[in-house]
Amino acid sequence: MADPPVVARFPAAAYLYVLHLDSPALAWEYLRRHPGYRADWQRRLRRSTTAQSWGLRVFEDPAQDARDAHPLWFPADPTLIQLHPDVDPMPGGPVFDLWRMPGRKRLTYDGVRLRMTLQWPGICLRMVLASGLTAGQAYVCAVRAVSYRACQTWNEAVAQWNPDSPLAQTSSRPTAAQLLELHTLQALDVSLAGASLREVAGVVFGADTVATQWHADSALRARVRRLVRRGRELMDGGYRRLARLPPLEQGRSAIPAQRP
């Protein structure tokens with residue numbers, strides 16, 4: 001049986017979830033496509049293969065996309081929000097109630113602490129729950145000094161949150177940055193499948209666009225080439241920046257980066 005057309009194998013609708021991913025989730029999308037990581041996942045039980053070389057605390061199944069996977073980055077994201085018991089609570093202050101918090105909840109134990117992710121339209125909060133925090137207890141929000149923006153995100157989310165109102169809301173149009181990630185991942189997948197740049201363009205931008213705008217020096221061809229190159233760079237280590245991981249240290253024998 002002949003293989004299905006490239007367009008049918010990589011429909012744009014299958015990538016719409018990418019529009020709602022934050023940076024750590026996007027990092028996983030690029031890492032799980034890396035052939036080396038997929039090979040290490042397959043042989044992890046047969047040999048001493050460490051996940052930390054990939055920036056993970058433990059291996060995660062690359063067959064699961066960011067909607068279902070729970071990658072535990074190592075070291076942890078410095079912008080993680082921490083919830084601790086309030087040792088001096090104010091009257092009428094907030095109390096911890098997991099089931100009244102909005103959105104989809106994901107709890108993961110990383111061997112040291114309990115992590116929680118809350119997601120609802122337009123917002124993704126990643127946090128760590130202190131071991132002494134219990135239901136109905138007053139709590140405080142803490143962030144590292146270098147990640148004040150995380151505290152602002154928490155305060156903005158709480159200000160918008162009304163537990164008694166429905167979560168459904170009108171979504172805004174995707175931003176240019178969100179569309180860039182969608183197109184990059186789609187172009188990367190088609191390229192990894194062995195397609196030509198022209199075939200990548202047909203999948204990402206449509207056959208009609210290719211028929212009218214594709215030629216040797218066209219802007220469309222240059223755009224597709226940049227998408228594929230960007231996807232491969234993110235897959236080959238650039239994902240660490242999205243996951244807010246420190247860059248890999250280069251040994252003495254490493255070839256220095258070319259500078260313009």
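Check off (1) farther than 30 Å from residue 175 by Cβ; (2) out of contact with any strand residue (DSSP E or B) (no Cβ under 6 Å at 6 or more places or on another chain) for residue 96 and give me the number that stays unchecked.
The single condition residue 96 does not satisfy is (2).
Is it the case that residue 256 is within 29 Å of the chain's Cα centre (by Cα), modelled with pLDDT under 95 and over 26 Å from residue 23 (Cβ atoms)?
yes
Okay, residues lined up against (1) surrounded by 18 or more Cβ atoms within 10 Å (Cβ to Cβ); (2) outside any helix (DSSP H, G or I); (3) at pLDDT below 95:
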{"residue": "151", "(1), (2), (3)": "no, no, yes"}
{"residue": "167", "(1), (2), (3)": "no, yes, yes"}
{"residue": "198", "(1), (2), (3)": "no, no, no"}
{"residue": "208", "(1), (2), (3)": "no, no, no"}
{"residue": "238", "(1), (2), (3)": "no, no, no"}
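How many of the residues making up region 84-114 are more than 30 Å from the chain's Cα centre (by Cα) and of a type in the set (A, V, I, L, M)?
Adding up the residues that qualify gives 2.
The values are calculated or read from the model by the stated rules, or taken from the named source; none is laboratory data. Predicted model only: the values in this text are computed from it and were never measured. With ideal geometry, Cβ positions are generated from the backbone for all residues, glycine too; neighbour counts draw on all protein chains shown.
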